[in-house]
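Here the structure comes first, spelled out in structure tokens, and everything after it is commentary.
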Amino acid sequence: MHSEKTHSVRELLSTLKQKPFLLAFLMGFSSGMPFLLTSKTMQVWLKEANVDLTVIGIFSMVALPYTLKFLWAPLIDRYQFPFLGLRRGWLFVCQVFLGILIGTMALINPAEHLWGFAVMALLVSFFGATQDVVVDAYRIETLSRKDLGPATALYMYGYKTSMLITGALALVLADHISWRSVYIIMALVMALTVSITFFADEPKVRASHPESLQQAVVNPFKEFLTRKYAVWILLFVVLYKVGDNMAANMLSPFYLDMGYSKTEIGIIAKLISPTMSWVGPVLGGFLVYSLGISGALWFAGVLQAASTFCFAILAWVPKNLWIYGAIISFEDVTAMIGNVAFVSFMSSSVNRQFTATQFALLSGLAQIPRVIIAAPAGYFAKTLGWPPFFIFCALAAVPGLFLIFFFLRPRPQK
């Protein structure tokens, strides 16, 4: 594996002044724009349009492109538009289509034309997921390994900033103007992100890109799977956050069982704690930059396990809002630190000849703990009880930490 050096705070601050880091934030903003407009914000519009709750639930399927994006990622590595270069060309096309499609959603009344509205939402998700593939590839191809942590943190800040606009601001506006007007405003904001593409420089990647579709589809997987630690890397991607995801999957019913009211959960778990989580990305970026990716993964993994164990403590102690707020804030911050380290690791693991395809594959595998492995969490919680369940989730971090020691421990340069 790669050898790593640690870096000082002064070096980090000097590095953050460079253009690629500003672009990481701006592209994170662009990536975050479509997501809530086809999920939680859209659900509020559908509810107010008197769409049946069962149908609203089915509408969550429009987010499938974000999970399946690895299927068409090889096309992004293979084909280039005749303008702006490989990455900027794809980014421009995605942003233009997103602006048009979000604007088209605004013109459709879901109460009257539900199928047309669903098709537009699915297309927005498709181009949003495609934009994510391009942005991830761009970030990896324009940054060195040591800079991936801070850049990933800035990307997350950009993403969270745009979600404030498409989430909080959109909902506030919808109380005063029509949903059509809200989505037109969001479409205009999305259209403005095209300026980010013109501000960016095309990555200078030495490796040649695939010359045929067969190479684009087969070679990324062949190259990855023939590496010495390929199977262990894939296993690590699946296992690193498995305990964290299992615990997170059951937190809402756990809070209610512990006697906390919906108001207390809403204010502390959904407002104060997420606000505190904004500290996480900068800490994660600093850890990756100062300790290296393997060191940051170790540190974040231990913190994640500790924060999960704290929920067992919360189950043991009497109801206390201060302890409740402290524990869930700690969990939110450590989760964000872990996300930065984890995304930095996946970014550093791809071959720059197949950036889009390999990163889409790894990020897709990373969804398995959240979607599949976390599914039986309710059964485990019911069978074991809350304290043993969270202890079990904390111990589930051990295999991932062991794999870091096995194939990611820093090795001296030869």
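The values are calculated or read from the model by the stated rules, or taken from the named source; none is laboratory data. Just so it is clear, the model here is predicted, and its values are computed rather than measured. Please note: Cβ atoms are built from the backbone with ideal geometry, for glycine as well, and neighbour counts cover all protein chains shown.
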What are the residue pairs meeting all of these: first residue in segment 321-339, first residue over 30 Å from LEU148 (Cα atoms), second residue of a type in the set (Phe, Trp, Tyr), Cβ atoms under 9 Å, and 6 or more apart or on different chains? LEU321/TYR260; TYR324/TYR255; TYR324/TYR260
Given the condition of a type in the set (Lys, Arg), touching a residue at least 40 places away in the same chain (Cβ under 8 Å) and over 24 Å from LEU164 (Cα atoms), answer yes or no: does some residue in segment 84-98 qualify? yes
For TYR255, indicate whether it is surrounded by 13 or more Cβ atoms within 10 Å (Cβ to Cβ), more than 22 Å from the chain's Cα centre (by Cα) and in a helix (DSSP H, G or I). yes
Of all residues in segment 47-60 being at pLDDT 80 or above and assigned to a helix (DSSP H, G or I), which is nearest to the chain's Cα centre (by Cα)? LYS47
Residues of segment 144-181 being outside any helix (DSSP H, G or I) and at pLDDT 80 or above, which ones? ASP175, HIS176, ILE177, SER178
Read through the list (1) outside the structural domain of ASP332 (by the TED database); (2) β-branched (Val, Ile, Thr); (3) under 20 Å from VAL350 (Cα atoms), then give the number of the only condition that VAL231 fails. (1)
Just checking, which of ALA153, ALA137 is under 30 Å from GLY292 (Cα atoms) and touching an Asp or Glu at 6+ places or on another chain (Cβ under 9 Å)? ALA137
Going by the structure shown, is ALA191 surrounded by fewer than 18 Cβ atoms within 10 Å (Cβ to Cβ), touching a helix residue (DSSP H, G or I) at 6+ places or on another chain (Cβ under 8 Å) and in the same structural domain as PHE311 (by the TED database)? no
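A quick yes/no check of all residues on (1) of a type in the set (S, T, N, Q); (2) in a helix (DSSP H, G or I); (3) touching a Pro at 6+ places or on another chain (Cβ under 8 Å):
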residue: ALA63; (1), (2), (3): no, yes, no
residue: TYR66; (1), (2), (3): no, yes, no
residue: LEU75; (1), (2), (3): no, yes, no
residue: PHE83; (1), (2), (3): no, no, no
residue: LEU98; (1), (2), (3): no, yes, yes
residue: THR104; (1), (2), (3): yes, yes, no
Looking at (1) in a helix (DSSP H, G or I); (2) under 22 Å from LEU91 (Cβ atoms), which is the only condition LYS204 fails? (1)
Where a residue in segment 37-52 is in contact (Cβ under 8 Å) with a residue 24 or more places away in the chain and under 17 Å from ILE102 (Cβ atoms) and its partner, wherever it lies, is of a type in the set (Ser, Thr, Tyr) and surrounded by fewer than 17 Cβ atoms within 10 Å (Cβ to Cβ), with Cβ under 8 Å and at least six apart: SER39/SER60
Taking segment 109-128 as the region of interest, how many residues are modelled with pLDDT under 90 and either small (Gly, Ala, Ser) or closer than 21 Å to GLY292 by Cα (or both)? 1
I'm trying to understand the selection: among the residues of segment 277-320, which are touching a Cys at 6+ places or on another chain (Cβ under 9 Å) and either of a type in the set (Phe, Trp, Tyr) or crowded, with 24+ Cβ neighbours inside 10 Å (or both)? THR308, PHE309, PHE311
Among the residues of segment 127-134, is any β-branched (Val, Ile, Thr), surrounded by fewer than 23 Cβ atoms within 10 Å (Cβ to Cβ) and either more than 27 Å from THR197 (Cα to Cα) or touching a Leu at 6+ places or on another chain (Cβ under 6 Å) (or both)? no
Out of MET186, MET156, report the one residue that is under 28 Å from GLY285 (Cα atoms), buried (at least 19 other Cβ atoms within 10 Å of the Cβ) and touching a residue at least 24 places away in the same chain (Cβ under 8 Å). MET156
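Yes/no matrix, rows are residues, columns are (1) closer than 22 Å to PHE345 by Cα; (2) over 18 Å from the mean Cα position of the chain (by Cα):
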position: PHE83; (1), (2): no, yes
position: GLY116; (1), (2): no, yes
position: PHE126; (1), (2): no, no
position: ASP132; (1), (2): yes, no
position: ALA137; (1), (2): yes, no
position: LEU164; (1), (2): no, no
position: TRP179; (1), (2): no, yes
Out of (1) surrounded by fewer than 24 Cβ atoms within 10 Å (Cβ to Cβ); (2) aliphatic (A, V, I, L, M); (3) under 20 Å from GLY32 (Cα atoms); (4) touching a residue at least 40 places away in the same chain (Cβ under 8 Å), what's the single condition that is false for LEU169? (4)
Anything in segment 67-81 that is within 23 Å of the chain's Cα centre (by Cα) and surrounded by fewer than 20 Cβ atoms within 10 Å (Cβ to Cβ)? List them, or say none. THR67, LEU68, LEU71, TRP72, LEU75
